[in-house]
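Bear in mind these aren't lab numbers, they're just calculated from the coordinates by the rules spelled out. As the structure is a computational prediction, the values presented were derived from the model and not from experiment. Virtual Cβ from ideal backbone geometry, glycine too; neighbours counted across all protein chains shown.
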Amino acid sequence: MAAIQTIAGSPLADDSAAGQAARWLVDGLALLLPRLDAIARGDWLLYGAPPAAEFGLALAGLAIYFALLAAAGMFDFSRRNL
Amino acid sequence: VIGRPRGEQRALAAVPRWILCVLAGALAAQIGWQAARRAGAPSASDLPPAPSAAALRLASLGETAALARLAMIWLQAFDSRSDNATPYQKLDYGRLISWLGAILATDPRSAYPLFAAARVYAENADQRKRAQCWRSSRQSSCATRMHAGRRSRTPRCSPSTDCTICRWRGATLRPCSG
């Protein structure tokens, strides 16, 4: 996601209104999606576990996203006419 | 609910208020958390030394074409920052050319590294870096053509007599004509 954001905001990117809207869309998606790349890192297997604080922050981000998914599921379930 | 056709959604008012509060709170927490922990773009000075082509091929797990393209996207993230007024001048061109060479060697049929070298990275105000990039892209282009077996279009220049991709020795190349 970070690479997509970087490319979308590069000086070579389209500077029109559509390009600006695309950049806003990418930034909005980055705010909604979790950073799963911070959770399953290959270098943890090679060079050892990360500091507890770093791992805790990554897990906290996941917990918040899990709460968002659960709330969205409950909202959808409440509106279903079963 | 009796008398209501199946498949329709209930009205928004049918959703319990506490669920709406939890949803709004979770959404706000997610956006706030992601905004607070947003990672910045990598600095141009952070470009690490390039791995060998063999290491890249090994990392590709057989999908060399896909890995070569992903590696190019990753490499371009170092110099395509929106807050960088002179993006190409800050790159270490020695390392950059090593990366381009390794990626090209991973997928010799891809023109992406050569295109980036000739049309993107060569557009540098620094003459030394520009010449470095042009020289590298010409050599790689010669080697790629030779590697692909299209020797009817004889490469014009290369300081080496070995194919830089497959290390095939004995390649007959004309000396560089400038």
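Computed from the Cβ-Cβ distance with R0 of 51 Å, the FRET efficiency linking B:Ala24 to B:Arg135 stands at 0.30. Which one, A:Leu45, A:Leu31, A:Leu68, has the greatest fluctuation when you compute a Gaussian network model over chain A with C-alpha springs under 10 angstrom? Maximum fluctuation in the GNM of chain A, among the listed residues, is at A:Leu45. Evaluating 6.51 cos²θ - 1.76 cosθ + 1.60 at θ = phi - 60° for every residue in the range B:55-63, the Karplus couplings come out as 5, 5, 4, 5, 5, 6, 6, x, 9 Hz, glycine and proline recorded as x. The modelled label-to-label distance for the pair B:Leu61/A:Ser16, using points 7 Å beyond Cα in the direction of Cβ, is 3.9 nm.
Converting phi to 3J(HN,Hα) with the Karplus coefficients 6.51, -1.76 and 1.60 and the offset θ = phi - 60°, the range A:22-34 yields 5, 5, 5, 5, 5, 5, x, 5, 5, 6, 8, 7, x Hz in sequence order, with x at every glycine or proline.
Once the Cβ-Cβ distance of A:Ala40 and B:Arg128 is raised to the sixth power relative to R0 = 45 Å, the FRET efficiency obtained is 0.60.
Under 1.5 on a/c is rounded, so check that first for chain A, then, if it is not, pick prolate when a/b is larger than b/c and oblate when it is not; a ≥ b ≥ c are the square roots of the alpha carbon gyration tensor eigenvalues.
oblate
Evaluating 6.51 cos²θ - 1.76 cosθ + 1.60 at θ = phi - 60° for every residue in the range B:95-109, the Karplus couplings come out as 5, 4, 5, 5, 5, 4, x, 5, 5, 5, 5, 5, 9, x, 7 Hz, glycine and proline recorded as x.
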